[in-house]
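Before any comments, here is the structure.
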Amino acid sequence: MIQNSRTNTSLSAGLSPELLEHMRERFATIKDDVASACRRAGRDSSEVLVEAVSKTVDVEQVLAASQAGFIAFAENRPQELVRKLNLLDQEGISVPRFDMIGNLQTNKINAVLGRAALIHSISSLHLAQAVSKRSVTRSVVARVLIEVNISGEQSKSGFSTDELWASLDELLALDGIDIQGLMTMAPAHDAARARQTFSGLRELRDELRERSGRALDVLSCGMSDDYEIAIEEGSTLVRLGRIIFDQNYTDIH
Ligand SMILES: *Cc1c(COP(=O)(O)O)cnc(C)c1O
């Protein structure tokens, strides 16, 4: 009965040298590029967390990326986040940080509470209330970001700026959630609009900070194609998928 010989027990030992080498090269290159973007903006690299979006790859790649230096990961589906965390747990591997970045349905909240380090995708007052309620029931505090649709594209989820202002007092009053900042997605393939979106997010945060007295330090924005622009505009957390995990990724911007 050896046909399923790829058991979980030798996950680390089974990592290919080529995969590790790829991840080390990616880590070094991205680190340099983050440092350059920070320098251009007069910022310190320590202000920016690079999060590896592992939604399209399996746990071996997460492990390889982790060994190469990436310290934070993100998934866009609750089931997959929990599956990867469980696999790593079973291996006895000290689990790196995993964040939830995708659409979260209320019936999946319980699955990610206490497992996701940060939920980036609080996209409506209804969802915020649902997370709050479940967190209070379980006596936990969920660290969250408010997702804002800065660009106004129909296809994007999140609060519009107007909705956010209208809901602000209710959001801030919710128990069981700790709002750490804002998250947004920029329009694809348009560097100028991406930049406007990122600076719009930062300006909105500054206004919200003033009005609420909350720090709202985290600005989660920037992906493979636009993360250097995002850092120039104040991002503190970039979410990178393809540029880390896709061996055929080419920089098109
Ligand atoms: C997939 C995904 C990313 C990563 O996108 P890349 O272009 O692959 O870097 C970032 N944020 C969210 C919300 C995603 O779903």
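The values are calculated or read from the model by the stated rules, or taken from the named source; none is laboratory data. Not measured: the values here are computed from a predicted model. Cβ placement follows ideal geometry from the backbone for every residue including glycine, while neighbour counts extend to all protein chains displayed. All accessible areas refer to the heavy atoms of the entire protein, side chains included, with ligands and DNA or RNA removed. Shrake-Rupley method; radii C 1.70, N 1.55, O 1.52, S 1.80 Å.
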Residue satisfying condition, being open to solvent by less than 10 Å² (accessible area, probe 1.4 Å), more than 16 Å from the ligand (Cβ to nearest atom) and in contact (Cβ under 8 Å) with a residue 24 or more places away in the chain, within set Ile146, Ile109: Ile109
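Among the candidates Val95, Val82, single out the residue that is under 25 Å from Ile146 (Cβ atoms) and away from the ligand (no atom under 13 Å from the Cβ).
On the way: Val95 fails: under 25 Å from Ile146 (Cβ atoms).
On inspection, the qualifying residue turns out to be Val82.
Per-residue answers, yes or no, for (1) within 28 Å of Thr250 (Cβ to Cβ); (2) open to solvent by less than 60 Å² (accessible area, probe 1.4 Å):
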residue	(1), (2)
Ser66	yes, yes
Ala72	yes, yes
Pro78	no, yes
Gly102	yes, yes
Gly114	no, no
His120	yes, yes
Residue match in region 101-124 (condition: touching a helix residue (DSSP H, G or I) at 6+ places or on another chain (Cβ under 8 Å) and of a type in the set (D, E, K, R)): yes
Some residue of region 168-175 being away from the ligand (no atom under 13 Å from the Cβ), more than 25 Å from Gln105 (Cβ to Cβ) and surrounded by 15 or more Cβ atoms within 10 Å (Cβ to Cβ): no
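Among the candidates Leu15, Leu19, single out the residue that is more than 20 Å from the chain's Cα centre (by Cα), open to solvent by less than 30 Å² (accessible area, probe 1.4 Å) and modelled with pLDDT of 95 or more. Give the derivation first.
On the way: Leu15 fails: modelled with pLDDT of 95 or more.
Answer to the selection: Leu19.
Residues Val140, Val62, Val136, Val57: which one is surrounded by fewer than 23 Cβ atoms within 10 Å (Cβ to Cβ), more than 24 Å from Phe198 (Cβ to Cβ) and under 16 Å from the mean Cα position of the chain (by Cα)? Write out each step before concluding.
Numbers: Val140 fails: under 16 Å from the mean Cα position of the chain (by Cα); Val62 fails: surrounded by fewer than 23 Cβ atoms within 10 Å (Cβ to Cβ); Val136 fails: under 16 Å from the mean Cα position of the chain (by Cα).
On inspection, the qualifying residue turns out to be Val57.
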Residue within region 197-211 that is under 30 Å from His22 (Cα atoms) and crowded, with 23+ Cβ neighbours inside 10 Å present: yes
Region 213-251 - residue that is near the ligand (Cβ under 9 Å from one of its atoms) and surrounded by fewer than 20 Cβ atoms within 10 Å (Cβ to Cβ) and, of those, modelled with the lowest pLDDT: Tyr249
Exclusive hit being out of contact with any Pro (no Cβ under 9 Å at 6 or more places or on another chain), in contact (Cβ under 8 Å) with a residue 24 or more places away in the chain and over 15 Å from Leu237 (Cβ atoms), set Val62, Val57, Val53: Val57
Criterion violated by Arg24 - all others in (1) within 16 Å of the ligand (Cβ to nearest atom); (2) over 25 Å from Lys156 (Cα atoms); (3) open to solvent by 50 Å² or more (accessible area, probe 1.4 Å) satisfied: (1)
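Could you list, in sequence order, all residues of region 176-207 that are closer than 26 Å to Ile109 by Cα and out of contact with any strand residue (DSSP E or B) (no Cβ under 7 Å at 6 or more places or on another chain)? Walk me through how you get there before you give the answer.
Residues of region 176-207 that are closer than 26 Å to Ile109 by Cα, as a first pass: 176-186, 201, 205.
Passing the criteria: Met185, Ala186.
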Flag if Ala52 is of a type outside the set (Val, Ile, Thr) and more than 25 Å from Gly102 (Cβ to Cβ): no
